[in-house]
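J.: Below you'll find the structure I mean.
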Amino acid sequence: MPPIRSARNRKPPPEGFEDIEDTLLEFSNKMKDAENAPHDGKKRHEMLWPIFQIRHQRTRYIWDLYTKDSISKQLYDYLLKNGYADAMLIAKWKKTGYEKLCCLPCIQTKETNFNATCICRVPKARLTEGQTVQCVNCGCRGCASSD
Amino acid sequence: MLKSTHRPQNVGQSPPPLPPGWTEHKAPTGHSYYYNAELKKSTYTRPTVQTESTPAEPAFGSPWQSYPPGIPVQAGSPFGPFQQQYGDGFHRAEPAIGFQSGFTRPRDGRGHHDRARHQPQDRPKSKHAIPDCSPWLLVRTKLKRRFVYNSETNESYWRIPEDVMKGVVEFDRIEREKKEARERGEDVSETLKDTKQTEVARTEEQDGSEAAEDVESDEYEEVEVTDEEDDLNENPTKRQKTEEEQVDQPVDFNEDDIAYQLAAMGQEYGLDPGEYGDGEGQEWEEGAEGLPLTEEDSAALFKDLLSDHNLNPFSTWDKIIDEGRIIDDDRYTVLPNMKARRAVWDEWAQDKIRDIRAKKEKEVKKDPRIPYFTLLEKYATPKLYWQEFKRKYKKESEMRDLKLSDKDREKWYREYISRLKLSSSTLKSDLSVLLKSLPLSELNRSSQLENLPSALLSDLRFVSVSPSVRDELISAYISTLPAAPEPTDLSEEDQTVKSKEAEERKRREKALQARAKKVEEDKRRQQKELDYGKDRLREEEEQIQQAMKFGKQGLLSHLETAPEHGTEIANGNTQA
């Protein structure tokens, strides 16, 4: 039987966690609010938008801190391991052309009818003049790297 | 928004009484002005009781202050932009003369004074309960606007909240049905209706307004009362005024005027032209960009702002902006746009975090055992087993600290309890042994009881002696010690760096002040020009009107009564 990890016998988080703890707590509160928000008047696909958006914001926050060397590698790993940031999304951000990717479903080509990415991946320059887009997956308004 | 929106209602009313100490006088030009002998101040604006201490307050405050709490005067009210646009800067320039009753303005005194005359004199007229939204009331005002008012929480909104909206729609439907029923009833008593001309006029007016409301799609949004609306459905006596009134109509604004006003507004908000302009660089007034602040200076100023507000560098930019504390600061405007601000914020946060980390590395880590030991000292007794103690004080932060393991806690607890059972003499001797083991750099003659070294504090031999005995022992021991050895000092360099930074900062602040002064001057000058231009425009308009009128009459009289030509022209002259 594996050992039961309760709050008591857990390892303490790495150094520097208490600095960002408040912000992370705010994000998790926001996430809870978004989860419990009423869905009436919303379209079916709209319901998940805030979830994706908050997840993106939180991941971006941690990633920015890490790339600017504001948090240690240990803390970054700890945050990834404990689900504060989305490691898969960050993995995409490391690739050229995906630096601003909004969410993972938006690049799942196999899930669309014409094997194409989401509309929000199209650069603004390629869209017709004055066309505003908002993708169905996460409500993104455009996340091409060239924008 | 560029037009004036209101006509005053208080022309026929008598003005409110003056506060004590103020007297009214007539100037040679016919203006009345007010003088306070005690304060030795004179002003054109009529001082009211509320504004007694500050009679030069912008005239906008006063009409709203007499309002019941029901009238919302807040952002999002239709007056939000109005007040902002013609806010204090506008009225500080010259005293407004709009509030005097029966005051006939000299012809050339038009211009921007009309703004003051157009002040809204709105008042709640009737209130209705909204069905199914019990604390909310729908209040109609004199100017046919309406807002909702919550009698329980004393809240009122121009923009009707969504949950109340249904009730309002329902209410409107009921009203319409009632009105239709009433009209049907009035059809029967047709004869009565003929006699009462006034009532017909009233119902017609209502019909008109109702129709207008029905046509408007944004009926439930904020209702901006413009001059046109005034003319349509305000009291009809207004419309009987002749050409004089016509002149008061806002002149058509051409593009230049709009650009001009935009620039003035932008200056009032303290924006740079780059922020509101349309990218036509050559049209910006001189000096707006070329002020003595360089790019680095403005970035540094913004950083000063960030440091002054004690912002958390680990926070997010969105949150900082949402809080809005920094937006009120003058230095917020030194950077032209949000992108630049964000870049500076990122840079600042990075630097700050680096500083914090460096500082943390330098400073001695506080031993987590110390607070736990103080907890033990406070609560631990030989009567409690560890399990009981743990259960009893599990809510204490010391018991939940993740840096200590439960095993250690238990060990220390047991040790502490066992030490409590020892005789006091052994405890004392243990403590003296501990004291002697400490090096001179940590414990010396200059050390105080309040800040003893952590090596001492985090030792059970220290904790287990009762505080009164312990303090005596330690102070006696400290007095026997020699002075501390000379610490090696590095602070010379630090001090020079610090003084340099402070100097730099002073210089930047000075530059900002100079810039603010210049902007203020420019603003004033531009305001003056604007006023002058408007006066000119209005005068010309008037002249044209006059000329046209005169020409028509002259022609008519010429056709009809040729011999009386001369007198007619004279009449026309006097009329005009």
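J.: Could you tell me which residue of the range A:1-29 is most open to solvent (accessible area, probe 1.4 Å), considering only residues that are within 16 Å of A:L80 (Cα to Cα), more than 8 Å from chain B (Cβ to nearest Cβ) and among the aliphatic types (A, V, I, L, M)?
T.: Checked the range A:1-29; the qualifying residue most open to solvent (accessible area, probe 1.4 Å) is A:L25.
J.: Any residue that is at pLDDT below 85, out of contact with any Phe, Trp or Tyr (no Cβ under 7 Å at 6 or more places or on another chain), part of a loop (DSSP other than H, G, I, E, B) and in the same structural domain as B:A476 (by the TED database) - is there at least one of those in the range B:405-419?
T.: Checked against the condition, which is being at pLDDT below 85, out of contact with any Phe, Trp or Tyr (no Cβ under 7 Å at 6 or more places or on another chain), part of a loop (DSSP other than H, G, I, E, B) and in the same structural domain as B:A476 (by the TED database), the range B:405-419 yields at least one hit.
J.: Going through B:E521, B:E472 one at a time, which residue ends up being part of a helix (DSSP H, G or I) and either hydroxyl-bearing (S, T, Y) or over 30 Å from B:F373 (Cα atoms) (or both)?
T.: Going through B:E521, B:E472 in turn, the sole match is B:E521.
J.: To continue, here is another question. Counting just the residues of the range A:30-49 that are in a helix (DSSP H, G or I) and of a type in the set (D, E, K, R), which one comes out nearest to the other protein chains (Cβ to nearest Cβ)?
T.: Going through the qualifying residues, I end up with A:K30.
J.: Something else: Among the residues of the range A:51-63, write down those that are within 14 Å of chain B (Cβ to nearest Cβ), open to solvent by less than 50 Å² (accessible area, probe 1.4 Å) and not hydroxyl-bearing (S, T, Y).
T.: Those that are within 14 Å of chain B (Cβ to nearest Cβ), open to solvent by less than 50 Å² (accessible area, probe 1.4 Å) and not hydroxyl-bearing (S, T, Y): A:I54, A:H56, A:R58, A:I62, A:W63.
J.: Still on this structure, I have one more. Quick check on this structure: which one of B:A299, B:A349, B:A358 is under 21 Å from A:G16 (Cα atoms), touching a residue at least 12 places away in the same chain (Cβ under 8 Å) and either assigned to a helix (DSSP H, G or I) or within 12 Å of chain A (Cβ to nearest Cβ) (or both)?
T.: B:A349
J.: Which of the residues belonging to the range B:137-150 are more than 24 Å from the chain's Cα centre (by Cα), modelled with pLDDT of 80 or more and open to solvent by 20 Å² or more (accessible area, probe 1.4 Å)?
T.: B:L137, B:R140
J.: Here's a follow-up. Test B:A455 against the criterion of being without any contact (Cβ under 8 Å) to a residue 24 or more places away in the chain, open to solvent by less than 50 Å² (accessible area, probe 1.4 Å) and not charged (D, E, K, R), and give yes or no.
T.: yes
J.: Still on this model: Out of the residues in the range A:73-101 that are in a loop (DSSP other than H, G, I, E, B) and surrounded by fewer than 16 Cβ atoms within 10 Å (Cβ to Cβ), which is nearest to the other protein chains (Cβ to nearest Cβ)?
T.: A:N82
J.: Scan the range B:462-480 and give yes if some residue there is at pLDDT below 80, open to solvent by 60 Å² or more (accessible area, probe 1.4 Å) and assigned by the TED database to the domain that holds B:F389, otherwise no.
T.: Scanning the range B:462-480, I find no residue that is at pLDDT below 80, open to solvent by 60 Å² or more (accessible area, probe 1.4 Å) and assigned by the TED database to the domain that holds B:F389, so the answer is no.
J.: Determine the pairs where a residue that is open to solvent by less than 100 Å² (accessible area, probe 1.4 Å), located within the range B:486-505, has a partner that is among the β-branched types (V, I, T) and at pLDDT 90 or above with Cβ atoms under 9 Å apart, the partner being 6 or more residues away or on another chain.
T.: none
J.: While we're on this one: Just checking, does the range B:527-548 include any residue being among the basic types (K, R) and modelled with pLDDT under 90?
T.: no
J.: Another question, if that's okay. Please determine, by comparing only the residues of the range B:385-410 that are away from chain A (no Cβ under 12 Å) and exposed (fewer than 13 other Cβ atoms within 10 Å of the Cβ), which one is nearest to B:T374 (Cα to Cα).
T.: Of everything passing the filter in the range B:385-410, B:S397 is nearest to B:T374 (Cα to Cα).
J.: A follow-up question, please. Go through the range A:104-125 and give me each residue that's within 16 Å of A:L89 (Cα to Cα) and open to solvent by 70 Å² or more (accessible area, probe 1.4 Å).
T.: If the condition is that a residue be within 16 Å of A:L89 (Cα to Cα) and open to solvent by 70 Å² or more (accessible area, probe 1.4 Å), then A:Q108 is the only one that fits.
J.: Which numbered condition in (1) within 18 Å of A:D19 (Cβ to Cβ); (2) not in a helix (DSSP H, G or I) is the only one that B:K319 fails?
T.: Going through the list (1) within 18 Å of A:D19 (Cβ to Cβ); (2) not in a helix (DSSP H, G or I), B:K319 breaks only (2).
J.: Take the range B:23-41 and flag every residue that is in a loop (DSSP other than H, G, I, E, B) and either among the acidic types (D, E) or open to solvent by less than 70 Å² (accessible area, probe 1.4 Å) (or both).
T.: Within the range B:23-41, B:A27, B:G30, B:H31, B:A37, B:E38 meet the criteria.
J.: Name the one entry in A:S70, A:S145 that is within 14 Å of chain B (Cβ to nearest Cβ) and either at pLDDT below 95 or over 30 Å from B:K360 (Cα atoms) (or both).
T.: A:S70
J.: Does the range B:325-345 contain any residue that is within 12 Å of chain A (Cβ to nearest Cβ), surrounded by 14 or more Cβ atoms within 10 Å (Cβ to Cβ) and part of a helix (DSSP H, G or I)?
T.: Within the range B:325-345 (the criterion being within 12 Å of chain A (Cβ to nearest Cβ), surrounded by 14 or more Cβ atoms within 10 Å (Cβ to Cβ) and part of a helix (DSSP H, G or I)), the answer is yes, since at least one residue qualifies.
J.: Quick one: is B:I370 facing chain A (nearest Cβ under 10 Å), surrounded by 14 or more Cβ atoms within 10 Å (Cβ to Cβ) and in contact with a Ser or Thr (Cβ under 6 Å, 6 or more places away or on another chain)?
T.: Here the answer is no, as B:I370 does not meet what is asked.
The values are calculated or read from the model by the stated rules, or taken from the named source; none is laboratory data. Quantities reported herein were computed from a predicted structural model and do not represent experimental measurements. Cβ sites come from the backbone with ideal geometry, for glycine too, and all protein chains shown count toward neighbours. What goes into the accessible areas is simple: the full protein's heavy atoms, side chains included, and nothing from ligands, DNA or RNA. Shrake-Rupley method; radii C 1.70, N 1.55, O 1.52, S 1.80 Å.
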